[in-house]
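K.L.:
My questions will all concern the structure given below.
The values are calculated or read from the model by the stated rules, or taken from the named source; none is laboratory data. Keep in mind that this is a model prediction, so the values were computed, not measured. Counting neighbours? That spans all protein chains shown, and the Cβs are built from the backbone with ideal geometry, glycine included. In case anyone asks, the SASA skips ligands and DNA or RNA and just uses the protein heavy atoms, side chains included. Shrake-Rupley method; radii C 1.70, N 1.55, O 1.52, S 1.80 Å.
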Amino acid sequence: MEDEDKEQKERELINRAKARELINSWKSPENFKLTAKQISLRFPIIIMAKISALCELHAKESKSKIIADLLSLAFEVIEAELDEDRGPLVGIDDDTNPVYARDSEKDRYNNLTRKYIEELKKEAGIETGGKEARKG
């Protein structure tokens, strides 16, 4: 039980450090690339009030950037908790890579993330490798 408490406190310290880093990043210039399409979201009143307060405190940052940064921090916390269990080793492939009984939750999440990154890059006219596609 003591180890779990220590681990929880360490995670809290790391999250606080990440939050401080995020706040500091709002005080410095940064390149922020948006998706091609805009979406509309509705938030609970308390969440929108907190977003608005942060936007007022850090007026040089756009609301989109602040929301994206907050989501990015939340993703880091959630990604650290995704299950990595792949089951037992069932063999070795032709390239000598281990083959497991199944993909872990983290594997599936990472594969889906890559899939959507490619789709969003295509929509934005960005070729793989970060080069922008010629339009026209």
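K.L.:
Give me the pairs: first residue in region 64-93 and among the β-branched types (Val, Ile, Thr) and open to solvent by 40 Å² or more (accessible area, probe 1.4 Å), second residue modelled with pLDDT of 90 or more and assigned to a loop (DSSP other than H, G, I, E, B), beta-carbon distance under 8 Å, and six or more apart or on different chains, which are they?
P.N.:
Pairs that qualify, where the first residue is among the β-branched types (Val, Ile, Thr) and open to solvent by 40 Å² or more (accessible area, probe 1.4 Å) and the partner is modelled with pLDDT of 90 or more and assigned to a loop (DSSP other than H, G, I, E, B), are Val90/Ala101.
K.L.:
Just need a number here: residues in region 68-101 that are more than 28 Å from Ile14 (Cβ to Cβ) and assigned to a loop (DSSP other than H, G, I, E, B).
P.N.:
Just the residues of region 68-101 that are more than 28 Å from Ile14 (Cβ to Cβ), to begin with: 87-101.
Retained after the next criterion (residues that are assigned to a loop (DSSP other than H, G, I, E, B)): 87-88, 93-97, 101.
Here the count works out to 8.
K.L.:
State whether the residues of region 37-46 include one that is closer than 27 Å to Glu10 by Cα, in a loop (DSSP other than H, G, I, E, B) and either open to solvent by 80 Å² or more (accessible area, probe 1.4 Å) or at pLDDT below 90 (or both).
P.N.:
As a first pass, look at region 37-46 and keep what is closer than 27 Å to Glu10 by Cα: none.
For region 37-46, residues closer than 27 Å to Glu10 by Cα, in a loop (DSSP other than H, G, I, E, B) and either open to solvent by 80 Å² or more (accessible area, probe 1.4 Å) or at pLDDT below 90 (or both): absent.
K.L.:
So the check is Cβ under 8 Å with 6+ separation or different chains; which pairs have a first residue in region 37-51 that's in contact (Cβ under 8 Å) with a residue 24 or more places away in the chain and a second one that's surrounded by 10 or more Cβ atoms within 10 Å (Cβ to Cβ) and part of a helix (DSSP H, G or I)?
P.N.:
Lys37/Glu123
K.L.:
Residues in region 16-32: is at least one assigned to a helix (DSSP H, G or I) and under 26 Å from Ile126 (Cα atoms)?
P.N.:
Taking region 16-32 and keeping what is assigned to a helix (DSSP H, G or I), we get 16-25.
Filter once more, keeping what is under 26 Å from Ile126 (Cα atoms): 25.
So far as region 16-32 goes, yes, one or more of its residues are assigned to a helix (DSSP H, G or I) and under 26 Å from Ile126 (Cα atoms).
K.L.:
I want to confirm something. Restricting to region 53-67 and keeping residues that are outside any helix (DSSP H, G or I) and of a type in the set (Gly, Ala, Ser), which single residue is farthest from Thr35 (Cα to Cα)? Before the answer, list the steps.
P.N.:
Restricting attention to region 53-67, the residues satisfying the condition of being outside any helix (DSSP H, G or I) are 58-62.
Adding the requirement that they be of a type in the set (Gly, Ala, Ser) leaves 59, 62.
Values: Ala59: 22, Ser62: 15 Å.
Here the answer is Ala59.
K.L.:
Condition first: open to solvent by 80 Å² or more (accessible area, probe 1.4 Å) and of a type in the set (Phe, Trp, Tyr). Can you find one or more residues in region 102-115 that meet it?
P.N.:
Within region 102-115, not a single residue is open to solvent by 80 Å² or more (accessible area, probe 1.4 Å) and of a type in the set (Phe, Trp, Tyr).
K.L.:
Here's another thing I want to ask about it. Any residue at all in region 83-96 that's modelled with pLDDT under 90 and in contact with a helix residue (DSSP H, G or I) (Cβ under 9 Å, 6 or more places away or on another chain)? Lay out the reasoning, then the answer.
P.N.:
If we filter region 83-96 for residues that are modelled with pLDDT under 90, which is where we start, we get none.
Among the residues of region 83-96, not one is modelled with pLDDT under 90 and in contact with a helix residue (DSSP H, G or I) (Cβ under 9 Å, 6 or more places away or on another chain), which makes the answer no.
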